[in-house]
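Enquirer: Below: one structure in structure tokens.
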């Protein structure tokens, strides 16, 4: 399957697919014409990577997860530990974003707005 068809089937951009190939996340054979040819296993790997990226996994995590997926002798505990570490990172980010939200809400609530040049947001940021 050609890269344009793969992009439509996986929901990834052609640029992303090429990048994943260039960094070795997936490997597609080149046809006689020099174009990459993708088979069903590569398409499934690309879908897997896409879903993993949607969940916020890093490219290194995607590589590790893909390696585990393709390893029939894997330990589910290894997969769980990787996902658990990512969950902890996400939870930490949520806490930081909630604190950021509270700070911004306070700045917005303190600002009177209007057409005067004085702005409590600018003052607070200065």
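Rule-based calculations on the coordinates, nothing more; no lab input. Because the structure is a prediction, the values reported are computed rather than measured. Here the Cβ positions follow ideal geometry from the backbone for every residue, glycine too, while neighbour counts run over all protein chains shown.
Enquirer: Closer than 30 Å to residue 125 by Cβ, more than 18 Å from the chain's Cα centre (by Cα) and assigned to a loop (DSSP other than H, G, I, E, B): is that true of residue 34 in this structure?
Expert: So residue 34 does not fit the description; no.
Enquirer: Kindly indicate which of 52, 123, 91 is surrounded by 12 or more Cβ atoms within 10 Å (Cβ to Cβ) and either free of Cβ contacts under 8 Å to residues at least 24 places away in the same chain or part of a helix (DSSP H, G or I) (or both).
Expert: 52
Enquirer: Quick one: which of 70, 82, 107 is touching a helix residue (DSSP H, G or I) at 6+ places or on another chain (Cβ under 7 Å), surrounded by 11 or more Cβ atoms within 10 Å (Cβ to Cβ) and within 30 Å of residue 26 (Cα to Cα)?
Expert: Matching residue, one of 70, 82, 107: 82.
Enquirer: Is it fair to say residue 46 is more than 30 Å from residue 125 (Cβ to Cβ), assigned to a helix (DSSP H, G or I) and in contact with a helix residue (DSSP H, G or I) (Cβ under 9 Å, 6 or more places away or on another chain)?
Expert: yes
Enquirer: Let me ask something additional. Scan the range 99-118 and give yes if some residue there is assigned to a helix (DSSP H, G or I) and touching a residue at least 24 places away in the same chain (Cβ under 8 Å), otherwise no.
Expert: Taking every residue of the range 99-118 in turn, none turns out to be assigned to a helix (DSSP H, G or I) and touching a residue at least 24 places away in the same chain (Cβ under 8 Å).
Yes or no, residue by residue, for (1) touching a strand residue (DSSP E or B) at 6+ places or on another chain (Cβ under 9 Å); (2) surrounded by 12 or more Cβ atoms within 10 Å (Cβ to Cβ):
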{"site": "3", "(1), (2)": "yes, yes"}
{"site": "19", "(1), (2)": "no, yes"}
{"site": "26", "(1), (2)": "no, yes"}
{"site": "30", "(1), (2)": "yes, no"}
{"site": "33", "(1), (2)": "no, no"}
{"site": "36", "(1), (2)": "yes, yes"}
{"site": "57", "(1), (2)": "no, yes"}
{"site": "66", "(1), (2)": "no, yes"}
